[in-house]
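The values are calculated or read from the model by the stated rules, or taken from the named source; none is laboratory data. None of these values were measured; they are calculated from a predicted model. Methodologically, a virtual Cβ is constructed for each residue, glycine included, from the backbone with ideal geometry; neighbour enumeration extends over all protein chains shown.
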Amino acid sequence: MIENLSYPLFEIPVIGIYLIVLAFLFGTVFASFITCTAWRVVRNENWMLGHSHCDTCGHELSTADLFPVISYIALKGKCRYCGSKVPPRDLIFEIILGLLFAGTLALHGSIDAVVIATLALEVLLLGLSLADWDSGVIPDGFLGAILVVWIITVGFMPDIHRYTIEGLMASLCAGLLMAIATAVISKILGTKQSYGPTKLAMCLLLFLHIRGACMAAGIAVVLGIIFALVCRSKKRKVSLAPAISIGCIVALLLADVPLFPVG
Ligand SMILES: [Zn+2]
């Protein structure tokens, strides 16, 4: 039971603050890992065993070059070996995921299976959003990992049957609606649209109650239109995973969803 795993985070304020700082540091480390993984997946490199290297000179990076945030600041955003400028993108996402980890812990006020599942989702959604933005494809491996997180999380829910059925119903309804919308848009535009966003929404709605699903869908639609306009203005493939991911994370953190069975 989740309640047995929980403990009040702020009962001793110093420990609460310490854990939030620790969560931030873990967030930066996981961001460093997942941004690198997404980059390798997009380039069809071995994401588990490959070595990180400079994109300009190809020099393999040492451990000292790979500390999240610190290495970038210490090297002033340049490659140690060739001096070429390293874009600040990874640094920005390391800080964002660090803040998300810290915020998730602070908002939830305890550490339990639900918080761990939320953190895992944040990591995976960052990875698949970056992969989608860079390649226009949502890799199935990330979606499989999200399903594994859901299957494990369900085992910790107080009412397994209810959450499973509600999650599956929401997932199937969203999948059906989005699949129809994708087919219609493909027909109107005369170009084949990807079913990746449909699969992603189906995976994420497993985690959300009706209120959370509505909140996530509302945010995803508004951001999706903005992302689509940005992509079109840059004459690049439309990436919807970032919009769907942001909608889901906001809903997970703020909506009254089953993942947060308070009390
Ligand atoms: Zn270099």
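Give the number of residues within the range 190-203 that are among the charged types (D, E, K, R) and part of a loop (DSSP other than H, G, I, E, B).
Here the count works out to 1.
Do any helices (runs of 4 or more DSSP H) entirely within the range 110-189 hold 3 or more residues that are among the acidic types (Asp, Glu) and either assigned by TED's automatic domain parsing to the domain that holds Leu208 or within 19 Å of the chain's Cα centre (by Cα) (or both), and if so, which?
113-135
Taking the criterion of being within 8 Å of the ligand (Cβ to nearest atom) and in contact (Cβ under 8 Å) with a residue 12 or more places away in the chain, would at least one residue in the range 65-79 satisfy it?
The answer is yes, given that some residue of the range 65-79 is within 8 Å of the ligand (Cβ to nearest atom) and in contact (Cβ under 8 Å) with a residue 12 or more places away in the chain.
Is one or more of the residues making up the range 86-100 β-branched (Val, Ile, Thr), within 28 Å of Arg40 (Cα to Cα), within 16 Å of the ligand (Cβ to nearest atom) and at pLDDT below 95?
Yes; the residues of the range 86-100 include at least one that is β-branched (Val, Ile, Thr), within 28 Å of Arg40 (Cα to Cα), within 16 Å of the ligand (Cβ to nearest atom) and at pLDDT below 95.
For the range 107-130, state whether one or more residues are more than 23 Å from Met202 (Cβ to Cβ) and either hydroxyl-bearing (Ser, Thr, Tyr) or within 16 Å of the ligand (Cβ to nearest atom) (or both).
yes
How many of the residues in the range 17-62 are among the small types (Gly, Ala, Ser), surrounded by fewer than 17 Cβ atoms within 10 Å (Cβ to Cβ) and either touching a residue at least 12 places away in the same chain (Cβ under 8 Å) or within 16 Å of the ligand (Cβ to nearest atom) (or both)?
Of the residues in that region, 3 qualify.
For the range 95-104, indicate whether the set of residues that are without any contact (Cβ under 8 Å) to a residue 60 or more places away in the chain and among the β-branched types (Val, Ile, Thr) is non-empty.
Taking every residue of the range 95-104 in turn, none turns out to be without any contact (Cβ under 8 Å) to a residue 60 or more places away in the chain and among the β-branched types (Val, Ile, Thr).
Taking Ser171 and the conditions (1) at pLDDT 90 or above; (2) in contact with a Ser or Thr (Cβ under 9 Å, 6 or more places away or on another chain); (3) of a type in the set (S, T, N, Q), which numbered condition does it fall short on, given that it satisfies the others?
(2)
In the range 71-85, which residue that is more than 28 Å from the chain's Cα centre (by Cα) and either hydrophobic (A, V, I, L, M, F, W, C) or surrounded by 14 or more Cβ atoms within 10 Å (Cβ to Cβ) (or both) is farthest from Leu61 (Cα to Cα)?
Only one residue fits best here, namely Cys82.
Being of a type outside the set (Val, Ile, Thr), part of a loop (DSSP other than H, G, I, E, B) and under 30 Å from Gly196 (Cβ atoms), is that true of even one residue in the range 80-94?
yes
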